[in-house]
Every structure is written in C-alpha cells, then in structure tokens.
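J.: After the structure tokens below, expect a handful of questions from me.
All of the numbers you see were taken from the coordinates with simple rules; none came from a lab. Everything quoted here is computed from the prediction, not taken from an experiment. Cβ atoms come from the backbone with ideal geometry, glycine included; neighbour counts cover every protein chain shown.
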Amino acid sequence: MTAASSVAAKPPFAPLRFAPARVVLERRADGSLILTSPEPLGPYAPSLAPLLDGWAERAPARLFLAERPAPGAAWRRLSYGEAAGIAAALGEALLENGLGPERPLMLLSGNSIDHASLMLGALQAGVPVVPVSPAYSLMSGDFAKLRHIVELTRPGLIYVGSLPPFAAALAAIADQGAEILTSAPPPPGVKATLLSTLAQTRPTNRLAQAKAAIGADSVAKILFTSGSTGLPKGVINTHGMLTSNQQMIAQCWPFLDEAPPVLLDWLPWNHTFGGNHNFNLILTLGGTLHIDGGKPAAGLIEQTVANIRDVSPTLYFNVPAGYAMLLPYLEGDAALARRFFARLKLLFYAGAALPQDLWERLEAVSAATLGHRVTLTSAWGSTETAPLATCAHLPLERAGVIGLPAPGVAIKMVPAGSKLELRVKGPNVMPGYWRRPDLTAQAFDEEGFYKIGDAGRLADPERPEQGIVFDGRIAEDFKLSTGTWVPVGSLRLAVLDAASPAIQDAVICGQDEEKIGVLAWPNLAACREICPHAEHHADAAALVRCPHVVARVREGIAAYNAGQPGSSTRIARVHLMAEPPSIDGNEITDKGYINQRATLERRADLVRLLYGAPPLEDVIVFS
C-alpha cells in the first residue's frame, strides 16, 4: 500500500470552517525567510476590561464558570451576570487597598472560581495579575523561585485558597510585607483577609475611572517563564497583546462564531496556554469553562475522566503528556469515548511536540467512536507571544506542523547552522521582561523580532502554504565526538514512538560521546499493564526493573534502530529513571514539558553512568 492510498483509506474529517491556508513569503539574500499572512488583522478591543460586562448584559444567565469543590462533589456554577457583580466588587476593593500598575495582585493557588473572580476584578481595575505556579509553593524545597518572583514584583496582595497548605511558603516570604488574602477562614492567630469580605465592597466611580484608563499598552499580567535557563523571567503581558491574540484566533478559526465554546480544561492559568489562550477564548466568545480539578498525573487523571462523564466539550486543549494519560481510558471505555466526542469539533495540542503514535491513536479512537476523524491541530508560540504566533488552520495528517503566521504576525526564519531559527514580530509580542531591561535588550534582534529560540522548516519549500514544521530548540541540538549533529527534538519523538507506551518522556544524551544515549521516565500506568508481577508495581524503582518493561523498551528501540544506519539517530543506550523530574531543578513545568538542558545538568552523574564501561546492569545496551 502506498503512502497516498494509506491516507486516502482513513475515515474523513468532519467538516470544519477554517480560514484559507495562505502565506506571503519573502526570500532574502542572506538566506532568511519572512512569512506573513495575506489576511490583515481585524480590529480588536483595546483591553480585556469590558468583555465580562458585555456578556453580563447580553447573556446574564449563561453559565460562565463551573468547578467541583472536591472530587465527586456537585459543580459550583457561576453565570456571567454573577461573575460581573463579583469582579466589580473585587476590583473596587483592590483599588481601596492601594493596588495599581506598580503594586500588582499575586495569586499562588491554582485554577478556581475565586482565582478567576480576583483575576477579572484586577483586569477591570487596571491592576496587573501575577499568577504563580502552585508548585513553587507546594512542591518546592527551598522556595527560591517564589521568593525571586515576590522580590521582583513587590505585590500588594497575595492570594491563597486556603492557608495551611501554603504556610511554609508564606513564612519564607513573610519579610516582604504583603497582605495575605484567602478564601477559607484562617487558623486562629493567623492574620489574613477573607475574600468574602472584599466581595462585599460597593463599586464606585473610582473603578469606572480606572477601567476607562486601561489601554492596549496597559499591563494585564506578569507571567513567569519556567526558569529553564535560570530564575524565572517576568513576561509583561499587555491588554493589547491578549486581545489582538484572540482576534487572530477568531480569524484563523471562523467556525468559532457558530456557537459559544464549551471547555473542560485543567491547564494552569499561571501559564499562557491555559491562562491566556483558553481562558480568554471563553471570555471573548461568551463560552463556558468547566475547571478540571484533574491533570495528567497519577491519582489525578481519574478526576479528569470523571469530569468527562459529566461534560462533553466542544473544543479540547491539552499537552502531549495529557493525551498520553487520557488515551488508555478513551480506548478502553466506549461509553466514555462517546461522551467525550459527542460535541467535539477540535482536538488541539501545544506546549510540546506530539509523538506520532499519540496522534494516530487519537485519530483512531475518534473514528471508531464517530465514524469520522475529529480534526487534530496545533499552534505555536510562547509566553512572550501571548501565546499564539502561528496557527495550523488546515486539516493535518501528521504531528509536527505548527501552521502559518496568524494575521498580523511576521515570522522570520534565520539560518542557524543546519537549521532555521524562528523569530516573531506582531502586536501579540511582549514589550519586554518586568524590571529587566538587560534581558529585554537580549531578546530582540535589530529589526525588533523576538528571538524565541525554536527552529522550524517549511513542510514543502515549494508550497509554503503547507505550513511550518517545528524543528526543535536551537540550544538543545549537540554534536557527537565524530562531529555529527544530533537533532534532539525529532529524535526524542522517535524514541517515544518506538517505546510506546512504556516511556512517558525522555532526554537525549551524547554530547562529545561517540553514540547516543537516552535517559527516560517510564509511563507508570502503562508499565503496570505491561508487567504481570504485582510485586513490581509497588514503586517506580521496582517497576523500571521489571523484565517485561525492559523487554518492551528493548524491542521497540531495536526495531527503530533497524532503520537507522547513521550515528546521529541510532540509540546506543537507554536508562529508565525512577526519580520523577524535579520542579526545583527546573526539569519540568506544570504542563509536563521536560527541560532537556536542565535535566542533563542536574543528572550529570547519571549521564556518566549511562556511558560507563562496562555498562551498569540497569542500562539497556544496543549493539
């Protein structure tokens, strides 16, 4: 069977109204390419501030937000009318407490209706919001990142949902003097303000004046990067960045105007994917967001599954790690799959590259459930681009294509060794890093393009409308001792595909070595299915040594190696790691994205052992 006939044999896509896939390409003498959309960017709101009030006037009873206070509990629901009243009261209260453009609101707790209410109140009052990864408070051992963020932003109020879980973190930053705000009554003797008290504030003309003063250049949020190359950087997100980005999405996906979207979403609001792309999509279009208390982690994915039984989303957004954990449930439970796909128009992934194995399984389960494929697509950008810079607004057959420049965005592709470095310019790009002019100056080139650090290539150089293919991080690729370059991004995906489903994620090793090695984390749930011995299920250390798990990895990588004659893509050694990736060590973000460089630095001893002679017993060696 030829590749063309194999594609033709697949079930069709459900029809979906996308913008035409078109691009303007300029080729420069130095080898650089400039890609822009021929579609001009339409008008966009100067700020997010009026959006909530607008929907409260047009559809006050429509469900805006819903959450389960605890797993299995009834949904708490908030309409647009109710949300607007609470946000106005909280916005006024923030102003009364002296918050403003230089004295922001910090949110340490994760996604919740209370978190959203405070965020919306701040956005209406012109108070920048600083949502911080809960992991910096709840999983950190030294609180270094949290303290750095507090010292840099100097917040006027710090919100936590409940004080006891955050007690140690708050003690570590107590000398900064910020007032503490909480939803739950504080323990006896602990000073904190109740959110319910602030929610009783009556809005005055002060709030109206503050709202009227907000413009496209006003700071809406300070979002912090994951700190992959040091301490987190505070990315200034202006109102204009966020509203222009929503206009770009609307022009790429015109089907969105057919009905208000319904989301079930866990993605954290301290990240741009969940907090800007998804939350603002709902706010802009008057949709409904069910806050998913689950996430792709052992003991929490079950909450996501239970929520899907209650909620049939119309759009579903996730990261590859999330799809990897959800797929076995969809594949093994036809009733769950029917519920999940009942109204679903689009599956979307971002945050990391999607292994082709996951892509094909998602297509297969949608086709088996519906008789057609649900469109699976992606986009590309970063915290600094609000986040969407390119959008794949065309049906795709394979993972990897990140689409074309969104309207209003210019993508520069600059030769960098054997690759093309991607750079971005547009109204969605940040003005700079908070109180770090030195980092801001380093982030832009002489033409004002933001240097994102990723690489890309044209899927078809003769037909640029076929889109850009993500080609890894420029800084991640390395040379073997033979002088051969190793394409880390594509090789990582190949390893995950080959060893699926036993491996959850991996880092590629081998700089200045003769051969490539892999440090890999197991997919614990899948490995327990592979391993028949219950005694190996007790912990990760026992599971990664199970002969059946080792055999699955060995067979998969050996089959992959059979088609790889060159040293730049052939795997020589693999070690399965029991220790999970570390938040404090910058190895992983909340979304599950693995930091290649930080992991190799933190686990340098393990890399040396991987290449030891003779190899350790735990190292899987390939001839």
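J.: How would you rank 284, 197, 390, going from fewest to most other Cβ atoms within 10 Å of each one's own Cβ?
T.: Taking fewest neighbouring Cβ atoms as first place, the list is 197, 284, 390.
J.: Continuing with this model, one more query. Specify whether the C-alpha gyration tensor of segment 155-259 places it in the rounded, prolate or oblate class, a ≥ b ≥ c being the square roots of the eigenvalues: rounded for a/c under 1.5, otherwise prolate if a/b is larger than b/c and oblate if not.
T.: Numbers: a/c = 2.09, a/b = 1.50, b/c = 1.39.
In terms of gyration-tensor shape, prolate.
J.: Let me know the charge dipole size of the chain about its Cα centre in debye, to the nearest 20, where only the beta-carbon of Lys, Arg (+1) and Asp, Glu (-1) is charged. Before the final figure, lay out the partial values.
T.: Working: 53 positive and 58 negative charges, 133 e Å.
Using Cβ point charges on Lys, Arg, Asp and Glu, the chain gives about 640 debye.
J.: Shifting gears a bit: Roughly speaking, what is the stretch gain from residue 360 to residue 475, that is 0.36 nm per residue apart minus the C-alpha to C-alpha distance, in nm to one decimal? Could the numbers behind the result be given before it?
T.: Working: separation 115, 0.36 × 115 = 41.40 nm, distance 2.93 nm.
Here the segment from residue 360 to residue 475 would lengthen by 38.5 nm.
J.: Residues with beta-carbon under 10 Å from that of residue 364, excluding residue 364: net charge, scoring Lys, Arg +1 and Asp, Glu -1? Show your work: numbers first, answer last.
T.: Details: positive: 10, 361, 373; negative: 331, 360, 363.
Around residue 364, the surrounding residues sum to 0.
J.: May I ask you to list the lysines whose Cα is less than 22 Å away from that of residue 345, ignoring any residue fewer than eight positions away on the same chain?
T.: Within the straight-line limit of under 22 Å, residue 345 reaches these lysines: 10, 295.
J.: Subtracting the Cα-Cα distance from 0.36 nm times the residue separation, let me have the gained length for residue 204 to residue 616 in nm, one decimal.
T.: Details: separation 412, 0.36 × 412 = 148.32 nm, distance 7.00 nm.
Working it through step by step, the gained length comes to 141.3 nm.
J.: Within a Cβ distance under 15 Å of residue 610, other residues only, what is the Lys/Arg minus Asp/Glu net charge? Present the calculation step by step, with values, prior to reporting the outcome.
T.: On the way: positive: 515, 573, 602, 603, 608; negative: 512, 513, 514, 579, 601, 605, 617, 618.
Value of the local net charge: -3.
J.: Using Cβ-Cβ distances only, list the Cys residues of the chain with no partner cysteine under 4.7 Å, sorted by number.
T.: 509, 527, each lacking another Cys Cβ under 4.7 Å.
J.: Let me ask something else about it. If we count other beta carbons within 10 Å of each Cβ, what is the order of 497, 477, fewest first?
T.: In order of increasing Cβ crowding within 10 Å: 497, 477.
J.: A follow-up question, please. Given a Förster distance of 22 angstrom, what is the FRET efficiency for residue 61 paired with residue 259, based on the Cβ-Cβ distance and rounded to 0.05?
T.: So the FRET efficiency works out to roughly 0.85.
J.: Could you sort 484-495, 117-128, 552-563 so that the peptide with the highest average Cβ count within 10 Å comes first and the rest follow in order?
T.: Numbers: 484-495: 20.3, 117-128: 26.8, 552-563: 16.3.
Top to bottom by mean Cβ count within 10 Å: 117-128, 484-495, 552-563.
J.: Okay, next question. How many nm is it between the label spots at residue 529 and residue 514, if each spot is 7 Å from the Cα in line with the beta carbon?
T.: In this crude spin-label approximation the distance works out to 3.9 nm.
J.: What order do you get for 233, 191 when you list them from fewest to most C-beta neighbours inside 10 Å? Mind showing how you got there, number by number?
T.: Details: 233 23, 191 7.
By the 10 Å Cβ count, ascending, the order reads 191, 233.
J.: Compute the angle between helix 301-310 and the longest alpha-carbon principal axis of the chain, please, reported from 0 to 90 degrees and rounded to the nearest 10.
T.: 60 degrees
J.: Going 7 Å from the Cα of residue 578 along its beta-carbon direction, which residues of segment 588-620 have the amide nitrogen within less than 15 Å of the resulting point?
T.: 617-619
J.: At 0.36 nm per residue, minus the direct Cα-Cα distance, what do residue 482 and residue 606 gain on full extension? Give it in nm, one decimal, please.
T.: Values: separation 124, 0.36 × 124 = 44.64 nm, distance 2.23 nm.
Separation in residues times 0.36 nm, less the Cα-Cα distance, equals 42.4 nm.
J.: Ratio of alpha-carbon Rg to the 2.2 N^0.38 Å globular estimate for segment 455-546, to two decimals, please. Provide the component values of the computation, followed by the final result.
T.: Details: Rg = 17.4 Å, N = 92, 2.2 N^0.38 = 12.3 Å.
Relative to the 2.2 N^0.38 Å estimate, segment 455-546 comes out at 1.42.
J.: Sorted by packing (mean other beta-carbon atoms within 10 Å per residue), highest first, where do 301-307, 156-162 land?
T.: Numbers: 301-307: 18.6, 156-162: 21.4.
The packing order, highest mean first, is 156-162, 301-307.
J.: Right, here's the next one. Given a cut-off of 23 Å, name the pairs among 425/479; 221/419; 233/451 whose C-alpha atoms lie farther apart than that in the structure shown.
T.: 425/479; 221/419
J.: Give me the percent relative contact order of the chain, please, defined on Cα pairs under 8 angstrom at least 6 residues apart. Before the final figure, lay out each step's value.
T.: On the way: 1297 pairs, mean separation 79.0, N = 623.
Dividing the mean separation by the residue count of the chain yields 13 percent.
J.: Within 13 Å, Cβ to Cβ, of residue 512, how many net charges do the neighbouring residues add up to if Lys/Arg are +1 and Asp/Glu are -1?
T.: Numbers: positive: 479, 515, 608; negative: 513, 514.
Result for the local shell: +1.
J.: Efficiency by 1/(1 + (r/R0)^6): what FRET value for residue 558 and residue 154, r their Cβ-Cβ distance, R0 = 51 Å, to the nearest 0.05?
T.: Working: r = 56 Å, r/R0 = 1.09.
FRET efficiency, residue 558 to residue 154: 0.35.
J.: Taking the simple approach of a point 7 Å from Cα along Cα-to-Cβ for both residue 300 and residue 548, what is their distance in nm?
T.: My value for the distance between the label points is 2.9 nm.
J.: Another one. Setting aside same-chain residues fewer than 8 positions from residue 145, which aspartates and glutamates have a Cα under 16 Å from its Cα?
T.: 175, 584, 587, 590
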